[in-house]
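Taking it in order: structure first as structure tokens, then the write-up.
Bear in mind these aren't lab numbers, they're just calculated from the coordinates by the rules spelled out. Just so it is clear, the model here is predicted, and its values are computed rather than measured.
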Amino acid sequence: MNDACPVCGLVFEREPGYFAGAMVVSYAIAVPTFGLIVVALIVAGVDAVVALVVGGAAYLVLVPFIFRYSRAIWLHLDWLIDPDRGSPVGK
Ligand SMILES: [Zn+2]
């Protein structure tokens with residue numbers, strides 16, 4: 001991830017540990033996604049234990065996307081609640 005937006009200059013990490021909040025967003029995306037995969041496999045007739053293992057492996061493919069989107073969603077939520085008027089974007 002870039003330190004700042006190459007277009008508008010927004011510094012993404014507003015403070016140390018800023019993206020810790022993105023872990024909550026990541027969890028909120030990951031749990032339903034994993035659950036949907038496992039339930040879909042069980043409904044398709046796969047054994048529950050096998051569905052958990054296969055679902056976990058399938059979920060790993062999605063981890064890079066969830067990681068990036070959770071940060072982007074966190075940024076949007078945070079700027080929606082607490083816009084920084086002093087930054088290049090807020091002006
Ligand atoms: Zn930008």
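With contributions of -39500 (n - 2.57) from each DSSP H run of at least four residues, the per-residue ellipticity at 222 nm computed over the chain stands at -23000 deg cm²/dmol. Stretching the chain fully between N2 and L62 yields a gain of 19.5 nm (0.36 nm per residue, less the alpha carbon separation).
The smallest convex shape that holds all Cα atoms of the chain, its convex hull, gives 107 Å³ per residue.
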